[in-house]
Amino acid sequence: RMMLKRVMGKVAFATVQDVSGRIQFFIAKDDAGEDALEDFKRWDIGDLVAARGVVFKTQKGELSVRVRELRLMAKALRPLPDKFHGLEDREQRYRQRYVDLIMNDETRAAFLTRSRAIAAMRDFMVAEGFLEVETPMLQVIPGGAAAKPFVTHHNALDIDMFLRIAPELFLKRLLVGGMERVFEINRNFRNEGLDRQHNPEFTMIEVYQAYGNYHVMMDLTEELVCACLEAVGAGTKIQFGEHSVDFSRPWRRAKYVDLLKEYSGCDIDDIKAIRAKARELNIEDAGMDDAVVVNEVFEATVEHRLIAPTFVMDYPAVLCPLTRPSKADPRYAERFELFVVGMELANAYTELNDPAIQYANFLHQ
């Protein structure tokens, strides 16, 4: 695609761009012919052009092609944004992503990085003995997450169905069937709001391993993320906004109760103090279960302060009815959430596979 164009009498210059980068065309009447040069003068920025010639460097040292043959491949009917200011309007960038990709090197780099990261995820998981699977996107009962689904209609069966909010239940059925390590890089759909961290359709990786626990999954998560960083050549230190994030292993592992005490100043057993803290934070706690108030205070005081990669471990068991209680203290569950720069990137837990406890939890609910 022609990004810049200069005509100087019997010669002309064009900067062209494809996915591999940019190079300059040098078009001279003596090399390409008069007809080709005259045609070129009528072409526009944004046109797709092809050339054949000899590579050389100009006196200024710029890599160029001395054009012997030149042709127009496709005509751009709409002009590109101003070359000096580029595409700066965020709304236009999101609505016309193809223009954003043409004009902004950073956007193209992000797409390429994402592709390499997903490929690295897949390679890593396969090397670890996991089997990649595909599970249904259309489900009769949406499950695996607390989210509002998109509803659609199956004409042949004449039933309403739902776009999946998570692949969890089908992946767990594969474990029941004896496939002990499975993963899916999948598309999920949640009929909810949009913001910088949420989209109604998004990609996630979901992983299940039989005979493991949440410590195994923490190790796996660390290794997976670091493999992706290595694959994209990012190193262990990443600049994200104003924060420099160090992904060097091992990552911090901290208990829920300790972080709550550190950042809110409240002991988890002192519900009176926690409710007072909630009101101080303008959290409406009237009629709210104690455990939910605790978690609201935790989210408000702790999460945004977790900048370096941090595994938050051992959540209150009452908040995790599908999770195995800790042997050391059954009030807490063997669950973790991974936070980086205040964002939750992953969560996992040791599955509760005691049917008696599970049944009691359902009755309690």
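Thr107 falls short on exactly one of the conditions (1) open to solvent by 50 Å² or more (accessible area, probe 1.4 Å); (2) under 26 Å from Phe240 (Cβ atoms); (3) without any contact (Cβ under 8 Å) to a residue 24 or more places away in the chain; (4) outside any loop (DSSP other than H, G, I, E, B), and that condition is (1).
Quick check on my filter: what residues within region 339-365 are among the polar types (S, T, N, Q) and either open to solvent by less than 90 Å² (accessible area, probe 1.4 Å) or at pLDDT 90 or above (or both)? Asn347, Thr350, Asn353, Gln358, Asn361 - these are the residues of region 339-365 that are among the polar types (S, T, N, Q) and either open to solvent by less than 90 Å² (accessible area, probe 1.4 Å) or at pLDDT 90 or above (or both).
Checked across region 231-248, the condition of being out of contact with any helix residue (DSSP H, G or I) (no Cβ under 6 Å at 6 or more places or on another chain) and in a helix (DSSP H, G or I) holds for no residue.
Region 1-101 holds helices (runs of 4 or more DSSP H) entirely within its bounds, and those carrying 1 or more residues that are under 30 Å from Arg196 (Cβ atoms), among the basic types (Lys, Arg) and open to solvent by 90 Å² or more (accessible area, probe 1.4 Å) map to 90-95. Among the residues of region 277-292, those that are assigned to a loop (DSSP other than H, G, I, E, B) and not small (Gly, Ala, Ser) comprise Leu281, Asn282, Ile283, Glu284, Asp285, Met288, Asp289.
Within the set Val340, Val302, the sole residue that is within 31 Å of the chain's Cα centre (by Cα), touching a residue at least 60 places away in the same chain (Cβ under 8 Å) and within 26 Å of Arg196 (Cβ to Cβ) turns out to be Val340.
Cβ-Cβ distances below 6 Å connect the following pairs, each with a first residue in region 19-43 that is within 13 Å of Arg68 (Cβ to Cβ), a second residue that is among the charged types (D, E, K, R) and at pLDDT below 95, and a separation of six or more residues or different chains: Lys29/Lys10; Leu37/Lys29.
Within region 241-261, being closer than 17 Å to His304 by Cα, touching a residue at least 24 places away in the same chain (Cβ under 8 Å) and open to solvent by 80 Å² or more (accessible area, probe 1.4 Å) holds for Arg252, Arg253, Lys255.
The values are calculated or read from the model by the stated rules, or taken from the named source; none is laboratory data. Since the model is a prediction, treat every value here as computed from it, not as a measurement. When we count neighbours, we look across all protein chains shown, and the Cβ atoms used for this are built from the backbone with ideal geometry, even at glycine. Accessible surface is based on the protein model in full, side chains and every heavy atom, while ligands, DNA and RNA are left aside. Shrake-Rupley method; radii C 1.70, N 1.55, O 1.52, S 1.80 Å.
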